[in-house]
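Written below as structure tokens is the structure these notes are about.
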Amino acid sequence: MKPSVPIADVLIVGSGAAGLMFAAHISKYHQVHVITKDTATESNTRYAQGGIAAVLSIDDSYAKHIDDTLRAGDGLSDPEAVNILVKEAPARIFDLMCMGVDFDRLTDNALQFTREGGHSGRRVIHVGDMTGQAIESALWNSVIKENICVSDHRMVTRLLVRDNICYGVESLDKSGKVCRSYAKSVFLATGGAGQMFAKTTNPEIATGDGFVMAAESGADMMHLEFIQFHPTALAMEGAPCFLISEATRGEGGLLLTIDLHRFMHEYHAMAELAPRDIVSRAIVAEMEKTSAPHVFLDLTGQGREYVEKRFPTITQTVMQYGLHPGENRLPVAPAAHYMCGGVKTDIDGRTSIQGLYAGGEVACTGVHGANRLASNSLLESVVFAYRAAVNADRRIRYLPESWYDGINPFIDEAPPEWNSGSPEDGLIADLTNRLQVTNWKHCGIIRSDRGLQQGLNEIERIEGEFRTAGGHRSGKGKALALANLIKLSKRVYESAAGRRINAGAHYNVNCANSQSERDFKNDREDNRGT
Ligand code: FAD
Ligand code: SIN
């Protein structure tokens, strides 16, 4: 019998590109409840700069985009998922345009394409250097308002799963009140986990909550060790780890050591536009050689006026720190950027738990393999969220009556008791900082067996101190975030320790290299010799 509690057709956790694309489609037919832990627009999506990749020019082809994606993924991408990503991209871009995303154009009839790392040609469309914000607001405006209810500043803490079926979520509001929300389908779109690291381009919301909730509910997880480090974040004392888009290199920006030596052609034939994992490792190698905390990104050849017009947000941000990107070389270094792995899904966004879909950065559709191709993330978010919405629509329509019985045990279950006092904020901040520094040092761009073990030992100490202080029972937002960061870190170390052949973003000095890594080394020798 249908229980007498509110049951939404769909519950969406997270309001970035994936959550909102799903909402925009499914709200045409169903009642939707969106729960998001900060303001409705705060997300990684909002900060996306470079753009979104798609084959939209006669000079390009599906085969090239597929090939570039598979190469960047270093042999570990799922070809079927990549095929879907690339071939459904134009339709989803068209949807975004109809929703009002005004991509930059050369003329009324011609889009402006930029190039980014790993792409064999110009394929990335953009809205200045704030593509994510334009997409986020267009998606919001397209959601059918009368069919949607949004709970913001509400943190989802648990998926309500029994017998491998998801019935909804448990969440905490700002006042610490526990709520249970039921739905016929749940779409998990909680984004990434950059906050695991001391240096990251990600905002504070990126604490990996969705990975942990799904894993704890028994969902299959995949490729957690492949964490992408973006090569160029601003590296200045006192300045935030602000992303300097790869598109700057697509428009001619050069990487130089602190003694102004151009080095990327020594590492890869694509030089500054090699895949991201290769550029990040090369930068680390050059920083070590020169004992410098950064390299330079040089855009001065492009001229002040061009840089200001093409990259207004980057210009305004770095000007706050006394530099002009058209006139000064920018100090840059790698920073944690993107989770390539996550909750395993099929090509329709279905996880291994019935009724639970996942999309966007928290999901592992198989597209990115060991390393994501630049500007394929926004694309993956919209392509696979749309597919998941189509699938969820069918599930909701044909849900059997017996499904409702599964809700009753959750209605009867006493809510958990969260402690609102301890631990002290200072202790939470200290432990979070220690965890981030540990992960940066031991599970970062260059890993080793010893480092992974040392890192794991330190995480266990941090976890012990956190528990002793009552952190695991704390309902404070920052304590909940730290609990998730600790749990996710342990899973990432476990996956990293288990990966014995280096591929893409995972590089362990004690492991053998994949074929592509060996090719890269050979290329490097060849390029040095020429
Ligand atoms: P997000 O946009 O991160 O949204 C996650 C949502 O989940 C947020 O609303 C968050 O508040 C919510 N949430 C999280 N945990 C909880 C919880 N426990 N309870 C409730 N709500 C929760 N990719 C590209 O393709 N092109 C680019 O140019 C590009 N530039 C980037 C620049 C920067 C600085 C960054 C950080 C990333 C960039 N990326 C880019 C990557 C891309 O932006 C993200 O991977 C993508 O936007 C992820 O979308 P999402 O919907 O999965 O997650
Ligand atoms: C960037 O603009 O460099 C980020 C692009 C991406 O993450 O795909």
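What share of the DSSP beta bridges in the chain is antiparallel, in percent to the nearest 5?
Percent antiparallel among DSSP bridges in the chain is about 60.
P(r) of segment 256-352 in 5 Å steps, Cα pairs, percent per bin?
P(r) over segment 256-352, rounded to whole percents: 2, 11, 17, 17, 17, 14, 7, 6, 6, 3, 0.
Just tell me which lysines come within less than 17 Å, Cα to Cα, of Lys145; anything on the same chain fewer than 8 places away is out.
Here the lysines satisfying the reach criterion relative to Lys145 are Lys28.
Determine the relative contact order of the chain: mean sequence separation of Cα pairs under 8 Å and six or more apart, normalised by residue count, in whole percent.
It rounds to 21 percent for the chain.
Quick one: pull the percent of accessible area on segment 1-92 belonging to carbon and sulfur, 1.4 Å probe, ligands and nucleic acids left out.
The computed percentage sits at 55.
Could I have the simple spin-label model distance between Gln112 and Asp67, label points 7 Å from Cα toward Cβ, reported in nm to one decimal?
Going by the 7 Å Cα→Cβ label model, 2.9 nm.
For segment 150-257, what relative contact order do you get, as a whole percent, if you take Cα pairs closer than 8 Å and at least 6 residues apart?
Relative contact order here is 15 percent.
Please report the Cα spread of segment 395-444 along all three principal axes, rounded to whole Å, starting with the longest.
51, 32, 14
Per residue, how much space in cubic angstrom lies within the convex hull of the C-alpha atoms of the chain?
Enclosed volume per residue, from the Cα hull, is 145 Å³.
As an exercise, identify the chymotrypsin sites (Phe, Trp or Tyr not before Pro) in segment 159-190 lying in DSSP coil whose Cβ has no more than 16 other Cβ atoms within 10 Å.
Filter output for segment 159-190: empty list.
Beyond a 30 Å Cα-Cα separation, which of these cross-linked pairs lie in this structure: Lys37/Lys490; Lys37/Lys199; Lys2/Lys487?
Among Lys37/Lys490; Lys37/Lys199; Lys2/Lys487, the Cα-Cα distance tops 30 Å for Lys2/Lys487.
Would you mind calculating the gained length between Asp163 and Ala239 on full extension (0.36 nm times residue separation, minus the Cα-Cα distance), in nm to one decimal?
Roughly 22.5 nm would be gained on extension.
What FRET efficiency would be calculated for the residue pair Ala292, Lys490, taking the C-beta separation as r and a Förster radius of 41 Å, to the nearest 0.05?
0.80
In segment 3-34, which residues have a backbone nitrogen under 16 Å from the label point lying 7 Å from Glu146's Cα in the Cα-to-Cβ direction?
27-32
Among all stretches of the chain without exposed GluC sites (Glu not before Pro) (DSSP loop, at most 10 other Cβ atoms within 10 Å), which one is longest?
1-236
Taking only protein heavy atoms and a 1.4 Å probe, what accessible area per residue, in Å², does segment 34-109 have with all protein chains in place?
With all protein chains present, segment 34-109 gives 47 Å² per residue.
Considering only protein heavy atoms, what is the solvent-accessible area of Cys98 at a probe of 1.4 Å, reported in Å² to the nearest 10?
Roll a 1.4 Å probe over it and Cys98 shows about 100 Å².
Tell me the relative contact order for segment 57-156 as a rounded percent, counting alpha carbon contacts under 8 Å between residues six or more apart.
The value is 24 percent.
Which whole-Hz couplings ³J(HN,Hα) result when phi for each residue of segment 57-63 is put into the Karplus expression 6.51 cos²θ - 1.76 cosθ + 1.60, θ = phi - 60°, listed in order with x for Gly and Pro?
10, 5, 7, 10, 8, 4, 4
Going toward the positive end of the dipole of the chain, with +1 on Lys and Arg Cβ and -1 on Asp and Glu Cβ, which of Asn433, His30, Val383 do you reach last?
With unit charges placed on the Cβ atoms, the residue in question is His30.
Between 0 and 90 degrees, rounded to the nearest ten: what's the tilt of helix 17-26 against the longest Cα principal axis of the chain?
With rounding to tens, the tilt is 50 degrees.
Spin-label point model (7 Å from Cα, Cβ direction): what's the Asp102 to Lys87 distance in nm?
3.5 nm
Quick check: at a probe of 1.4 Å, how many percent of the accessible area of segment 126-224 sits on carbon and sulfur atoms?
The nonpolar share, carbon plus sulfur, comes to 46 percent.
So what's the back-of-envelope 222 nm ellipticity for the chain, counting only DSSP H runs of four-plus at -39500 (n - 2.57) apiece and dividing by all residues, rounded to 500?
-11500 deg cm²/dmol
Restricting attention to the alpha-carbon atoms of segment 1-143, what are Rg (one decimal) and Dmax (integer), both in Å?
Every Cα atom of segment 1-143 included, Rg and Dmax give 17.4, 60 Å.
Using the Karplus equation 6.51 cos²θ - 1.76 cosθ + 1.60 (θ = phi - 60°), what ³J(HN,Hα) coupling, rounded to whole Hz, does each residue of segment 97-106 give in order, writing x for Gly and Pro?
Here the 3J(HN,Hα) series is 5, 5, 7, x, 6, 9, 4, 4, 10, 7 Hz.
Treating each Cα of segment 55-214 as an identical point scatterer and ignoring solvent, apply the Debye formula and state log10 I(q)/I(0) at q = 0.10, 0.11, 0.18 Å⁻¹.
After summing over all Cα pairs, the log10 values are -0.56, -0.68, -1.33.
In whole percent, how big is the carbon plus sulfur part of the accessible area of segment 271-344, probe 1.4 Å, protein atoms only?
For segment 271-344, the apolar C and S fraction of the accessible surface comes to 49 percent.
Would you please name the trypsin sites (Lys or Arg not before Pro) within segment 1-81 that are DSSP coil residues with at most 14 other C-beta atoms within 10 Å of their C-beta?
Answer in residue order: Lys28.
Restricting things to alpha carbons, find the Rg to Rh ratio for segment 194-267 using the Kirkwood radius for Rh.
1.10
Identify the trypsin sites (Lys or Arg not before Pro) of segment 462-510 meeting these criteria: DSSP loop state and at most 11 other C-beta atoms within 10 Å of the C-beta.
Arg500
HN-Hα J couplings of segment 160-169 from phi, Karplus 6.51/-1.76/1.60, θ = phi - 60°, integer Hz, Gly and Pro as x?
Rounded to whole hertz, the list is 8, 10, 9, 6, 6, 10, 9, 10, x, 9.
The values are calculated or read from the model by the stated rules, or taken from the named source; none is laboratory data. Here the structure is a predicted model, which is why all the values come from computation and not from measurement. Positions of Cβ are backbone-derived with ideal geometry, glycine not excepted, and every protein chain shown enters the neighbour counts. What goes into the accessible areas is simple: the full protein's heavy atoms, side chains included, and nothing from ligands, DNA or RNA. Shrake-Rupley method; radii C 1.70, N 1.55, O 1.52, S 1.80 Å.
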